[in-house]
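**Student:** Take this structure, written in structure tokens, and hold onto it; I'll ask about it next.
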Amino acid sequence: MLEGAELYFNVDHGYLEGLVRGCKASLLTQQDYINLVQCETLEDLKIHLQTTDYGNFLANQTNPLTVSKIDTEMRKRLCGEFEYFRNHSLEPLSTFLTYMTCSYMIDNVILLMNGALQKKSVKEILGKCHPLGRFTEMEAVNIAETPSDLFNAILIETPLAPFFQDCMSENALDELNIELLRNKLYKSYLEAFYKFCKNHGDVTADVMCPILEFEADRRAFIITLNSFGTELSKEDRETLYPTFGKLYPEGLRLLAQAEDFDQMKNVADHYGVYKPLFEAVGGSGGKTLEDVFYEREVQMNVLAFNRQFHYGVFYAYVKLKEQEMRNIVWIAECISQRHRTKINSYIPIL
Amino acid sequence: MAALDLRAELDALLLQLLGDLEELEGKRAVLNARVEEGWLSLAKARYAMGTKSVGPLQYASHMEPQVCLQASEAQEGLQKFKVVRSGVHAPEEVGPREAALRRRKGPTKTPEPQSSEAPRDPLNWFGILVPHSLRQAQASFWDGLQLAADIASLQNRIDWGRSQLRGLQEKLKQLEPGAA
């Protein structure tokens, strides 16, 4: 790749970078969160959100306001912004943005297949699918019986097609296999995304590769943690770990043998980045491993904005916006359940 | 003398009634706490997994109950309630049964006995690798269930105690028309 991105980047992508930096500046501040935490009802929350950049996004909602409706509207708003970026982008930024949507597509496919298992109507599920992961063949996903069916008949035209190599099998799609399929698809997707960023080189690789490595390691830890006490065998577990990141390959081998949280912590203690994270788990705030990982992710994404002329700002903006949505949904849940002791467990961004 | 015995019985019954009421208050407070904890753990699970991954999309509209209520008659026509797992009446099986979630290799040639499967853990509606908070929610709600059955039995006992009390007070009035 040509070095000196600062000379050529703005020709194709300058407008969109400026736009995304403007969007980032409108994320909620600590003061906004303090105001939200003091609300007594969801209607109060809606009124406070109107004073922020969210504006009247809940204006068309019928009573009663629920947390689920707030979440759906926030997602639609993010999707609107993202579609604007994608429609105005040129290569290779458009491929980068398409890679970003693949993770949502995988979630939607799994949601549809689970819905088919529970005999839900397709329309019901389509309403709850993530708008960023929409693709035209979505309605047909629920008729597939095996992963090969799914690939050959339906997903072969979508961007998900290249990720199916490890997942082709004739096994019927029951709960265990759907979970395995989800994790294997995600693993292939992450590896492909990492390769794309690395091959692109330049500032984008400098910024995106550490973020994606952290994502791979995070997945390895969380899969291991959640697999304790389930039917998932250690060999199966090892096939779900993405093959890049700081933990690859020795850490992953050790992690595959772990049988409880302490053994996992011992593996993490070998890595200078993860040792303090694991030490922060538990403690007085009652933080879970997912919480500390989300905090670290926010730190890395905020730092991405310190450099210019790379695509990482788009990825970082979407992830920060997602964290903001998680924060707002958490505060809304605490308000609607009238259980305010943990209401301050959100992660402030700016 | 009969009046004295009756008064003693009345006192004993009243004491027991008050004790039961205190126990009921305690159990109600614990039930509320468990249910609140359960819902908060569900919210935490939504934070970790995504809001739409823990919701009405994940369960079927028709489901088989895992737990049943068993009513039994104790002494003096008093009803006690107990929570019992359904599916205890297992069908007659000859060979070893496979766990419901085994990954089947290759196309299944032999038809599996479809008469009645072991009831599946509702935790698996949300996937196999579920976060800890979801398991905590399940444990809280399960505790709440046990408590609810105890509370129902206690309330029955209290109602019965009150009717006994009234009966004894009537008898006392008849024995001592002036003193009651």
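**Student:** Evaluate the following for A:Leu132: is it within 29 Å of A:Leu180 (Cβ to Cβ) and modelled with pLDDT under 90?
**Tutor:** On the way: within 29 Å of A:Leu180 (Cβ to Cβ): yes; modelled with pLDDT under 90: no.
No; evaluated as a whole, the condition is false for this residue.
**Student:** Residues of the range A:224-265 being open to solvent by 10 Å² or more (accessible area, probe 1.4 Å) and hydrophobic (A, V, I, L, M, F, W, C), which ones?
**Tutor:** A:Leu225, A:Phe228, A:Leu232, A:Phe244, A:Leu252, A:Leu254, A:Phe261
**Student:** So, of the residues in the range A:273-292 that are of a type in the set (A, V, I, L, M) and over 20 Å from the mean Cα position of the chain (by Cα), which turns out to be surrounded by the most Cβ atoms within 10 Å (Cβ to Cβ)?
**Tutor:** Of the residues in the range A:273-292, the ones of a type in the set (A, V, I, L, M) are A:273, A:277, A:280-281, A:289, A:292.
Now narrow it down to the ones that are over 20 Å from the mean Cα position of the chain (by Cα): A:273, A:280-281.
Working: A:Val273: 13, A:Ala280: 14, A:Val281: 18.
Only one residue fits best here, namely A:Val281.
**Student:** Right, next: What are the residue pairs meeting all of these: first residue in the range A:104-127, first residue facing another protein chain (nearest Cβ under 10 Å) and more than 16 Å from B:Thr51 (Cα to Cα), second residue open to solvent by less than 40 Å² (accessible area, probe 1.4 Å) and among the hydrophobic types (A, V, I, L, M, F, W, C), Cβ atoms under 9 Å, and 6 or more apart or on different chains?
**Tutor:** From residues that are facing another protein chain (nearest Cβ under 10 Å) and more than 16 Å from B:Thr51 (Cα to Cα), the pairs are A:Leu117/A:Leu173; A:Leu117/A:Ile178; A:Leu117/B:Ala60; A:Gln118/B:Leu57; A:Gln118/B:Ala60; A:Lys119/B:Ala60; A:Lys120/B:Leu57; A:Lys120/B:Ala60.
**Student:** Next question. For the range B:162-180, what are the residues that are in contact (Cβ under 8 Å) with a residue 24 or more places away in the chain and closer than 21 Å to B:Ala3 by Cβ?
**Tutor:** Keep residues of the range B:162-180 that are in contact (Cβ under 8 Å) with a residue 24 or more places away in the chain, which gives B:162, B:164-165, B:168-169, B:171-172, B:175-176, B:179.
B:Gln164, B:Leu165, B:Leu168, B:Gln169, B:Lys171, B:Leu172, B:Leu175, B:Glu176, B:Ala179 - these are the residues of the range B:162-180 that are in contact (Cβ under 8 Å) with a residue 24 or more places away in the chain and closer than 21 Å to B:Ala3 by Cβ.
**Student:** Kindly indicate whether any position in the range B:139-162 is surrounded by fewer than 17 Cβ atoms within 10 Å (Cβ to Cβ) and within 14 Å of another protein chain (Cβ to nearest Cβ).
**Tutor:** Yes, the range B:139-162 has at least one match.
**Student:** What about A:Leu180, is it touching a residue at least 24 places away in the same chain (Cβ under 8 Å) and under 23 Å from A:Glu290 (Cβ atoms)?
**Tutor:** Answer is yes for this residue.
**Student:** Within the range A:143-153, restricting attention to residues that are within 24 Å of the chain's Cα centre (by Cα) and surrounded by 20 or more Cβ atoms within 10 Å (Cβ to Cβ), which residue is farthest from the other protein chains (Cβ to nearest Cβ)? Don't jump to the end; show me each part of the working.
**Tutor:** Start the filter on the range A:143-153 by keeping residues that are within 24 Å of the chain's Cα centre (by Cα), which leaves A:147, A:150-151.
From what is left, the residues that are surrounded by 20 or more Cβ atoms within 10 Å (Cβ to Cβ) are A:147, A:150.
Details: A:Pro147: 13, A:Leu150: 16 Å.
Of everything passing the filter in the range A:143-153, A:Leu150 is farthest from the other protein chains (Cβ to nearest Cβ).
Okay, residues lined up against (1) part of a loop (DSSP other than H, G, I, E, B); (2) more than 14 Å from every other protein chain (Cβ to nearest Cβ):
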site	(1), (2)
A:Phe214	no, yes
A:Arg218	no, no
A:Ile223	no, no
A:Gly229	yes, no
A:Leu232	yes, no
A:Arg237	no, no
A:Pro242	yes, yes
A:Lys246	yes, yes
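**Student:** Among the residues of the range A:13-52, write down those that are part of a loop (DSSP other than H, G, I, E, B) and open to solvent by 50 Å² or more (accessible area, probe 1.4 Å). I'd like the intermediate steps shown before the answer.
**Tutor:** First, the residues of the range A:13-52 that are part of a loop (DSSP other than H, G, I, E, B): A:26-29, A:38-41, A:51-52.
Residues satisfying the conditions are A:Thr29, A:Gln38, A:Glu40, A:Thr41, A:Thr51.
**Student:** Looking at the range A:103-111, can you tell me whether even one residue there is open to solvent by 40 Å² or more (accessible area, probe 1.4 Å) and modelled with pLDDT of 90 or more? Before the answer, list the steps.
**Tutor:** Within the range A:103-111, the first condition is being open to solvent by 40 Å² or more (accessible area, probe 1.4 Å), and the residues that meet it are A:107.
Narrowing the set further to residues that are modelled with pLDDT of 90 or more leaves A:107.
So far as the range A:103-111 goes, yes, one or more of its residues are open to solvent by 40 Å² or more (accessible area, probe 1.4 Å) and modelled with pLDDT of 90 or more.
**Student:** For the range A:308-350, enumerate the residues that are open to solvent by 10 Å² or more (accessible area, probe 1.4 Å), within 14 Å of another protein chain (Cβ to nearest Cβ) and outside any helix (DSSP H, G or I).
**Tutor:** Listed by number, the residues that qualify are A:Arg338, A:His339, A:Asn344, A:Ser345, A:Tyr346, A:Ile347.
**Student:** Among the numbered conditions (1) in contact (Cβ under 8 Å) with a residue 24 or more places away in the chain; (2) in contact with a Cys (Cβ under 7 Å, 6 or more places away or on another chain), tell me where A:His130 comes up short.
**Tutor:** Only one criterion is unmet by A:His130, namely (2).
Each row is one residue, and each column tells you yes or no for (1) in a loop (DSSP other than H, G, I, E, B); (2) within 11 Å of chain B (Cβ to nearest Cβ).
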site: A:Tyr54; (1), (2): yes, no
site: A:Phe57; (1), (2): yes, no
site: A:Pro64; (1), (2): yes, no
site: A:Lys69; (1), (2): no, yes
site: A:Arg77; (1), (2): no, no
site: A:Phe82; (1), (2): no, no
site: A:Tyr99; (1), (2): no, no
site: A:Ala140; (1), (2): no, no
site: A:Pro162; (1), (2): no, no
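**Student:** Only one of these conditions is not met by A:Arg182: (1) more than 14 Å from chain B (Cβ to nearest Cβ); (2) at pLDDT below 95. Which number is it?
**Tutor:** (1)
**Student:** Still on this structure, please answer the following. A:Leu58: loosely packed, with under 15 Cβ neighbours inside 10 Å and of a type in the set (A, V, I, L, M), yes or no?
**Tutor:** Values: loosely packed, with under 15 Cβ neighbours inside 10 Å: no; of a type in the set (A, V, I, L, M): yes.
Here the answer is no, as A:Leu58 does not meet what is asked.
The values are calculated or read from the model by the stated rules, or taken from the named source; none is laboratory data. On a predicted model such as this, the values are computed, not experimentally measured, just so you know. So basically every Cβ, Gly included, is an ideal-geometry build from the backbone, and we count neighbours across all protein chains shown. Just the protein is used for accessible areas: all its heavy atoms, side chains included, with ligands, DNA and RNA removed. Shrake-Rupley method; radii C 1.70, N 1.55, O 1.52, S 1.80 Å.
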